[in-house]
Amino acid sequence: MNYLSALGLLFGLALFGAGAATAAPPIVIRFSHVVEDNTPKGIAALEFKRLVEERTRGKVKVQVYPNSSLYKDREELEALQLGAVQMLAPSLAKFGQLGMRDFEVFDLPYIFPNRQVLKAVTQGEIGRELLAQLEDRGILGLAYWDNGFKVMSANTPIRLPVDLKGKRMRIQPSRVLEAQMEALGATPIPLAFSDVHTALESGLVDGTENPPSNLYSKKMHEVQKHVAVTNHGYLGYAVIVNRKFWNSLPADIRATLERSLVDATRKNDEEAEKLNSQALNKVRESKNTTVLNLDAAELQAWRKALEPVHRKMESRINKDLISRIRKAAAIQAAAAAASADVR
């Protein structure tokens, strides 16, 4: 019995060794982004990692590289197309650099009057059509991640558009954002997000525009004395993957990734609303920066000053696309008014 038991043990160990030797290595997804882990996008990327690794039982490993630790803004899209990374969540403004000008509609000032209109666009037919345009570039668009509306910041008080006249304002590379700052009499300075704090501190730029969570997480409030809650523009992201890599995945793995992304997207959008509100309060509490909430007349002055940007960009962005978004806004406004009448 001892001999047989020993033989059986050796046979079992041999089988185990053979199985271990032939076990497939995990699929690795490198997910690069340019913001901190404690922003809506950073939190959602980590949530996606957690869900995927848990649900695939380790068959897929997601390596998240935040804060431009792997690639900066200008580099990451090229890296994705080359297959150096598999997943990104770049801001929508960046697709204009690929020749996808219609994505610049998201940069038009005051194009989205509220989150309801925004969601109607990103979660509806318009959003799907825009993502489909990426396929010719070897990219698949999987989801939109929200980061809310932007505020203006500078070292001098900001209340009206004229207060930015002559300022050097950091922007993402975008023709629309260039036109926006020029309409305000400011000089647009395109810079990578990772370089903004240093540029503000050194005086290379005078101010910037960001959702509060980005401004606070990058400590820009430490080098900016004034913030105006203009809510003049939107900042969102598209979660994208290398198309060749995605199509190479087993169908069951893709299904799990898609399900996990739905949950991570929900997490992102919840965090965006919460963190932006918290960030604005923390900037106020820092007592280093004055935060100004604008009244209706002041906000109307910003809208009027930025109206020419829409007309200027009609030769660059599909007019029909702009009209469809305006129609979505009108429908939502009518629905809201009808609901108010009923109450």
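Things to note:
- Restricting attention to the stretch 179-194 and to residues that are modelled with pLDDT of 95 or more and part of a helix (DSSP H, G or I), the residue that is farthest from ALA154 (Cα to Cα) turns out to be ALA179.
- Just one of (1) in a strand (DSSP E or B); (2) farther than 18 Å from PRO90 by Cα fails for GLY236. It is (2).
Residue by residue, here is whether (1) touching a strand residue (DSSP E or B) at 6+ places or on another chain (Cβ under 8 Å); (2) surrounded by fewer than 22 Cβ atoms within 10 Å (Cβ to Cβ); (3) farther than 22 Å from PRO211 by Cα; (4) at pLDDT below 95 holds:
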| site | (1), (2), (3), (4) |
| --- | --- |
| LEU13 | no, yes, yes, yes |
| PHE16 | no, yes, yes, yes |
| GLY19 | no, yes, yes, yes |
| VAL34 | no, no, no, yes |
| ALA44 | yes, no, no, no |
| GLU47 | no, yes, no, no |
| ASN67 | no, yes, no, yes |
| GLN81 | yes, yes, yes, yes |
| TYR110 | no, yes, no, no |
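- Residue count for the stretch 317-333 satisfying the condition of being closer than 22 Å to GLY99 by Cβ, of a type outside the set (A, V, I, L, M, F, W, C) and surrounded by 12 or more Cβ atoms within 10 Å (Cβ to Cβ): 2.
- Residues (in a helix (DSSP H, G or I) and either touching a residue at least 60 places away in the same chain (Cβ under 8 Å) or among the aliphatic types (A, V, I, L, M) (or both)) located in the stretch 196-219: VAL196, ALA199, LEU200, PRO212, SER213, ASN214, LEU215, TYR216, SER217
- If you go through the stretch 257-316 and keep only what is on the phi > 0 side of the Ramachandran plot and surrounded by 14 or more Cβ atoms within 10 Å (Cβ to Cβ), you end up with nothing.
- Test: PHE103 is within 17 Å of ARG137 (Cβ to Cβ), among the aromatic types (Phe, Trp, Tyr) and at pLDDT 95 or above: yes
- Residues of the stretch 220-233 satisfying the condition of being assigned to a strand (DSSP E or B) and small (Gly, Ala, Ser): ALA228
The values are calculated or read from the model by the stated rules, or taken from the named source; none is laboratory data. All figures in this text were calculated on a predicted structure; none of them were measured in a lab. All Cβ positions, glycine included, derive from the backbone under ideal geometry; neighbour counts span all protein chains shown.
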